[in-house]
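Have a look at the structure below before the remarks.
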Amino acid sequence: MTRPPSVIKPQPIDAAAYSDYGEVIAAARGRAFKDANLGRARRFDRLSEVRNLRPGTATLNLCIFRCQPAAMPLEIRLLERHPFSTQVFLPMRHDARYLVVVALGGDAPDLASLRAFLVEGAQGISYKPGIWHYPMTALDKEIDFSCLIWEDGSQADCELFDLERPISVEV
């Protein structure tokens, strides 16, 4: 087993580097769009699949997380995952940075795959079902995030994993 890192540094997020964990959601240059709203808008479709892996018991929850900026360096002591649903976060302001920390894995996170991404501007993210991640982390300012997730109210909606030793993220 590979020893987990004690410190990780975030890299700027981009679609290719993040693709194992989910989608980067943005009206980015080069993305296909169609004109909308009498030609005053561009509509970017199908930016992230929002999957429900439960048979019929979950409902789509649209909620808001209001996140206060975290002190740095950030000490990661736990990771969470949503084994049955994609989780989508869309920042409701464009002038604030946030941090996304993710890992692959099954019943436990594979800490050798732990990555941190710095997200700036008008970009949202999704986590694929089962992706281990640290809770949303605002960096400079309070940020409200719109969130979409399929939930049924059971403990299986969100699983937590306590790390044996903390991992520090230095932005």
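The values are calculated or read from the model by the stated rules, or taken from the named source; none is laboratory data. Nothing here was measured: the structure is a model prediction, and the numbers come from that model. Virtual Cβ from ideal backbone geometry, glycine too; neighbours counted across all protein chains shown.
Just wondering, is there one or more residues in region 142-150 that are surrounded by fewer than 21 Cβ atoms within 10 Å (Cβ to Cβ), among the small types (Gly, Ala, Ser), more than 18 Å from SER19 (Cα to Cα) and within 14 Å of the chain's Cα centre (by Cα)?
Within region 142-150, one or more residues are surrounded by fewer than 21 Cβ atoms within 10 Å (Cβ to Cβ), among the small types (Gly, Ala, Ser), more than 18 Å from SER19 (Cα to Cα) and within 14 Å of the chain's Cα centre (by Cα).
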Which ones in region 40-60 are touching a helix residue (DSSP H, G or I) at 6+ places or on another chain (Cβ under 9 Å) and either assigned to a strand (DSSP E or B) or closer than 23 Å to ARG93 by Cβ (or both)? ARG43
Surrounded by 12 or more Cβ atoms within 10 Å (Cβ to Cβ), farther than 18 Å from ALA122 by Cβ, among the aliphatic types (A, V, I, L, M) and within 18 Å of the chain's Cα centre (by Cα): is that true of ALA17 in this structure? yes
With surrounded by 12 or more Cβ atoms within 10 Å (Cβ to Cβ), of a type outside the set (Gly, Ala, Ser) and under 24 Å from LYS141 (Cβ atoms) as the only criterion, which of LEU53, LEU79, LEU74 stands out? LEU74
Please find, within region 124-141, the residue that is surrounded by the fewest Cβ atoms within 10 Å (Cβ to Cβ) out of those that are within 13 Å of the chain's Cα centre (by Cα) and either at pLDDT below 95 or over 25 Å from ALA28 (Cβ atoms) (or both). PRO135
